[in-house]
Each structure stands twice: as structure tokens, then as C-alpha cells.
Amino acid sequence: MTLGDFVRERKYLFWSTKNYDGLSNGAVVEGILNYGNWDDVQTMIKILGIKKTAQIFRRQSTPDKFGRQNYRPEVKNYFQLYFQKYA
């Protein structure tokens with residue numbers, strides 16, 4: 001299964017686009033971690049690999065120069081701990 005196929009099966013999580021193959025890995029990781037269920041997270045990790053998923057998450061969860069990042073606080077906290085232990 002490709003990442004595009006994975007996203008296409010979960011259109012309800014990516015309501016802002018119809019270009020599912022054009023989504024970046026970062027957009028997919030953010031969407032799944034914020035809005036997906038546990039099975040979605042595990043499937044995404046199987047596709048991308050846990051190290052790559054953790055790398056994308058860590059890069060995105062660090063606030064940019066304007067102090068923004070797009071993870072909810074509870075999601076950010078949980079996955080910081082999860083990737084610290086498993087990645």
C-alpha cells in the first residue's frame with residue numbers, strides 16, 4: 001500500500017484537498033496523528049517506518065519562528081513520549 005492509497009481510504013481526515021497523491025509526508029503524519037485512530041497510526045507507521053515518522057513529527061512539533069505548530073497539546077505530549085520510547 002502506498003501513502004496515497006492510505007490517504008485515499010481516509011478522505012474524511014483530509015477534507016481540505018482532493019489531491020491525495022500530492023500531500024507531503026508531513027501533512028499525512030500531522031493529519032493522522034491529530035485526527036486518526038490508533039489503527040490509522042499503526043498503518044501509517046508500517047508504510048513510512050517508525051524512524052521516519054518520528055523524524056517528521058519531531059520536526060513539525062517544534063514551534064517555528066512565530067511560535068506555531070499544529071499539534072494539539074495532548075497529541076504532542078503523547079507522541080513525544082511514544083516516539084522517545086519506540087523510535
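The values are calculated or read from the model by the stated rules, or taken from the named source; none is laboratory data. In this text the structure is predicted, and so the values were computed from the model without any measurement. Virtual Cβ from ideal backbone geometry, glycine too; neighbours counted across all protein chains shown.
List of remarks:
- Just so you know, in region 59-76 the residues that are under 12 Å from Gly31 (Cβ atoms) and part of a loop (DSSP other than H, G, I, E, B) include one that is modelled with the highest pLDDT, and it is Tyr71.
- Qualifying residues in region 17-52 (those that are polar (S, T, N, Q) and in a loop (DSSP other than H, G, I, E, B)) - the one farthest from Tyr71 (Cα to Cα): Asn19
- Neighbours by Cβ (under 7 Å, 6+ apart or cross-chain): first from region 24-53, touching a residue at least 60 places away in the same chain (Cβ under 8 Å) and over 15 Å from Tyr82 (Cα atoms); second in a helix (DSSP H, G or I) and not aliphatic (A, V, I, L, M): none
- Filtered by the rule that a residue be among the basic types (Lys, Arg) and farther than 19 Å from Glu74 by Cβ, region 1-58 gives Arg8, Arg10, Lys11, Lys18, Lys46, Lys51, Lys52.
- Residue satisfying all of: in region 1-19; free of Cβ contacts under 8 Å to residues at least 24 places away in the same chain, over 15 Å from Leu33 (Cα atoms) and among the hydroxyl-bearing types (Ser, Thr, Tyr); surrounded by the most Cβ atoms within 10 Å (Cβ to Cβ) among these: Thr17
- Pairs where the first residue, in region 71-83, is among the acidic types (Asp, Glu) and the second is surrounded by 15 or more Cβ atoms within 10 Å (Cβ to Cβ) and part of a helix (DSSP H, G or I), C-beta under 7 Å, 6+ apart: none
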